[in-house]
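The values are calculated or read from the model by the stated rules, or taken from the named source; none is laboratory data. Not measured: the values here are computed from a predicted model. Methodologically, a virtual Cβ is constructed for each residue, glycine included, from the backbone with ideal geometry; neighbour enumeration extends over all protein chains shown. Ligands, DNA and RNA are stripped out before the accessible areas are found, and what is left, the full protein with its side chains, is counted by its heavy atoms. Shrake-Rupley method; radii C 1.70, N 1.55, O 1.52, S 1.80 Å.
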Amino acid sequence: MEIERKFLVKQIPDDLSQYHCRQIEQAYLNTEPVVRIRQDNDAYYLTYKSKGFLVREEYNLPLDKESYLHLRQKSDGIIITKKRYEIPYLEQYTIELDIFEGHHAGLVLAEVEFTGTDEAGQFPVPDWFSTDVTCVREYCNSHLSMC
């Protein structure tokens with residue numbers, strides 16, 4: 001189960017180099033339900049996500065590089081590339097700051113995962129966040145892969 005909120009960002013934090021960064025490439029084999037492949041640095045995954053926005057089922061299966069490359073050829077739409085910075089926030093949160101590259105260069109989104117919906121609703125939003133786009137389809141990566 002994934003419980004996650006997503007936000008637009010009005011200001012990127014200074015000195016991102018101090019945070020762990022992952023290079024991500026992902027492509028979609030299907031968008032309803034979501035079946036995605038992802039290269040995350042040197043790791044490869046096939047992911048299934050159920051319908052939903054704030055709360056949804058998510059299953060990750062490991063792939064090897066050859067399988068990833070084979071499936072990437074079968075993907076539909078735009079291959080999404082982004083840098084993901086992991087920014088600690090308060091004691092219990094990690095903000096995943098996605099800075100998109102390629103076709104969606106200029107888009108910046110922040111995601112935060114939670115252990116429950118109550119916690120998600122009570123999350124103290126940082127000042128550098130802007131609009132909550134958790135339930136806005138246009139900001140789902142699966143949708144972005146089609147635009």
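Assorted remarks:
- Unmet requirement for Ala110, which otherwise passes all of (1) outside any helix (DSSP H, G or I); (2) within 23 Å of Ile12 (Cβ to Cβ); (3) open to solvent by 20 Å² or more (accessible area, probe 1.4 Å); (4) not hydroxyl-bearing (Ser, Thr, Tyr): (3)
- Members of region 2-14 that are modelled with pLDDT of 95 or more and open to solvent by 50 Å² or more (accessible area, probe 1.4 Å): Lys10, Gln11, Ile12
- Region 34-79, residues that are more than 23 Å from Leu97 (Cβ to Cβ) and open to solvent by less than 50 Å² (accessible area, probe 1.4 Å): Val35, Leu46, Ser50, Leu63, Ser67, Tyr68, Leu71, Ser75
- Annotation note: of Gly121, Gly102, Gly116, the sole residue that is at positive phi and of a type outside the set (A, V, I, L, M) is Gly102.
- For beta carbons closer than 7 Å, sequence separation of 6+ or different chains, a first residue in region 79-103 that is under 15 Å from Asn41 (Cβ atoms) and a second that is assigned to a helix (DSSP H, G or I) and open to solvent by 10 Å² or more (accessible area, probe 1.4 Å), the qualifying pairs are Thr81/Gly102; Tyr85/Leu16.
- Per-region count, region 85-109, residues small (Gly, Ala, Ser) and in contact with an Asp or Glu (Cβ under 7 Å, 6 or more places away or on another chain): 0
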